[in-house]
Amino acid sequence: MIRNMSIRMLNRKSTVSGFTLIEVMVALTILAGSIFVLMNTHYSAMNLHVIAVDEVNSRVLLEGALARAEMGIAGKELTGGGDFGTRYPGYSWSYEALEVGGEEGSPILADTVFYRVTTTLNRPDGESTTLEFLTFSNAEMQTMMQPAP
């Protein structure tokens with residue numbers, strides 16, 4: 001009887017199913033590696049987003065300073081500067097215009113004066129960005145400028 005029981009136990013197949021410890025550990029290692037890669041990618045994307053927002057804001061502010069410089073030159077102000085108010089604390093801008101040319105040219109351009117303008121945007125962190133451009137001023141621009149009522 002004992003012998004028959006042992007033979008039956010040897011012949012019986014195991015019905016227990018599941019994963020071994022090593023399989024579970026390999027699966028968790030793969031999961032941890034993929035989470036690390038995804039978190040690193042997410043952090044890099046967020047960092048690039050912050051950098052892009054800062055660069056776009058600086059570029060837009062520099063273009064605003066450029067427009068103010070053009071209006072100042074149209075009003076015969078060859079230097080100027082200011083800030084952007086409370087919305088952008090710490091940001092400031094300045095410009096300086098130098099007359100270029102002066103030699104005899106076309107009679108059509110006799111009343112036109114050309115300027116080389118250097119516009120600078122100063123950031124709160126102490127860095128500055130400079131943009132240099134050429135513009136002109138003539139009699140037509142003077143008649144277009146009207147004082148505010």
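A short reminder: the numbers here are calculations on the coordinates, not readings from a lab. Treat the numbers as computed from the prediction; the structure is a model and nothing was measured. With ideal geometry, Cβ positions are generated from the backbone for all residues, glycine too; neighbour counts draw on all protein chains shown.
Starting from segment 14-106, pick out the trypsin sites (Lys or Arg not before Pro) whose DSSP state is loop and whose Cβ has at most 14 other Cβ atoms within 10 Å. Those satisfying the criteria are LYS76. Note on PHE136/VAL56: beta-carbon distance plugged into 1/(1 + (r/R0)^6) with R0 of 41 Å gives a FRET efficiency of 0.90. Here the calculated FRET efficiency for VAL26 and HIS49, from their Cβ-Cβ distance with R0 = 35 Å, stands at 0.50, rounded to the nearest 0.05.
From the Kirkwood radius over Cα pairs of segment 19-110, Stokes-Einstein at 10 °C and 1.306 mPa s returns a whole-number translational diffusion coefficient of 85 µm²/s.
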